[in-house]
Amino acid sequence: MNQDSYSNQLLVLPSQRDHYQGTLNAPVVLVEYGNYECSQCGELHQLIQVIQQHFTSVFLEENRICVVFRHFIENTLHPRAQKVAEAVEAAAAQGQFWPMHDLLFTHQQSLDNGFLVEYADSLGLDISKFLQDISTQAHIDRINQDIESGYQSGVTAAPALFINGIRYGVGVARRRHRWTVEQIMAAIVAAIH
């Protein structure tokens, strides 16, 4: 098969190396490729939070859905995205990926270095280690692995969402189209039936 045959499939499956909430063997696995400077990624983040809350309230357990986040950086569109990805990975090294992830999406308009340090401090991180990790690009290989896995699965722009390994929204003019909770939930229901 050629590369186009795979463009709707997630070729690098979620694993322990990923940042994820839930369990990897959950009935629903959402894999998002995104970056913290992209406004559409921020919108998708909010939708995913609503979906997670829905699954928790309906099924009264969190293990029905797994959410995976992978970096996908387009430096020409989002010049600060690389530095911000390094900051969230530096937080991850101290066990604070998801709290930093949420802070960065909440404060997308405030992603300069001073704010990154402020967020790290608010999470109780070791600031000298945090800054050292960023300045030495200690986690650049991990970020690049995420990006490469996106390319392998046909991702060309963020955000990209895969539901149980199948790309959501392919063929839709993404940049002009806003996804809704209802649309994503309908795709989830279709994926599990």
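Taking each DSSP H run with n ≥ 4 as -39500 (n - 2.57) and averaging over every residue of the chain yields -14000 deg cm²/dmol at 222 nm.
Comparing T180, T106, T136 in a Gaussian network model of the chain (Cα springs below 10 Å), the most mobile by mean-square fluctuation is T136. Between helix 97-106 and the chain there is an angle of about 90 degrees, using the helix long axis and the longest principal axis of the Cα atoms. Rounded to the nearest 10 degrees, what's the angle between the helix 39-59 long axis and the longest principal axis of the chain, both from Cα atoms, 0 to 90? With both axes taken from Cα atoms, the answer is about 60 degrees.
In this structure T56 has an accessible area near 50 Å², from a 1.4 Å probe over the protein heavy atoms. With contacts taken as Cα pairs under 8 Å at a separation of at least 6 residues, region 87-193 carries a relative contact order of 20 percent. Note on region 80-193: Cα convex hull, mean projected area over all directions, 8.4 nm².
Hey, what does the equivalent ellipsoid look like for the chain, semi-axes from the Cα gyration tensor as sqrt of 5 times each eigenvalue, largest first, whole Å?
That gives 27, 19, 16 Å for the three semi-axes.
The GNM of the chain, with springs linking C-alpha atoms under 10 angstrom apart, assigns the highest mean-square fluctuation among N63, N75, N113 to N75.
The chain: longest stretch without exposed GluC sites (Glu not before Pro) (DSSP loop, at most 16 other Cβ within 10 Å), sites themselves excluded?
Values: sites that count: E61, E62, E74.
Between exposed loop sites, the widest span is 75-193.
Axis of helix 181-192 versus longest Cα principal axis of the chain: the two differ by about 60°, to the nearest ten degrees.
Across all directions, the average projected area of the convex hull around the alpha carbons of region 55-140 is 6.7 nm².
Please report, to one decimal in angstroms, the Kirkwood hydrodynamic radius of region 92-138 built from all distinct Cα-Cα pairs.
10.8
As a fraction of the 1.4 Å probe accessible area of region 62-122, surface on carbon and sulfur atoms comes out at 46 percent. Annotation: L11 carries an accessible surface of approximately 70 Å², with a 1.4 Å probe and no ligand, DNA or RNA atoms counted. DSSP assigns beta bridges within region 1-148; of those with both partners inside it, close to 30 percent run antiparallel.
The values are calculated or read from the model by the stated rules, or taken from the named source; none is laboratory data. Since we're looking at a predicted model, the values are computed, not measured. When we count neighbours, we look across all protein chains shown, and the Cβ atoms used for this are built from the backbone with ideal geometry, even at glycine. Protein only, heavy atoms only, side chains kept; ligands, DNA and RNA dropped before computing areas. Shrake-Rupley method; radii C 1.70, N 1.55, O 1.52, S 1.80 Å.
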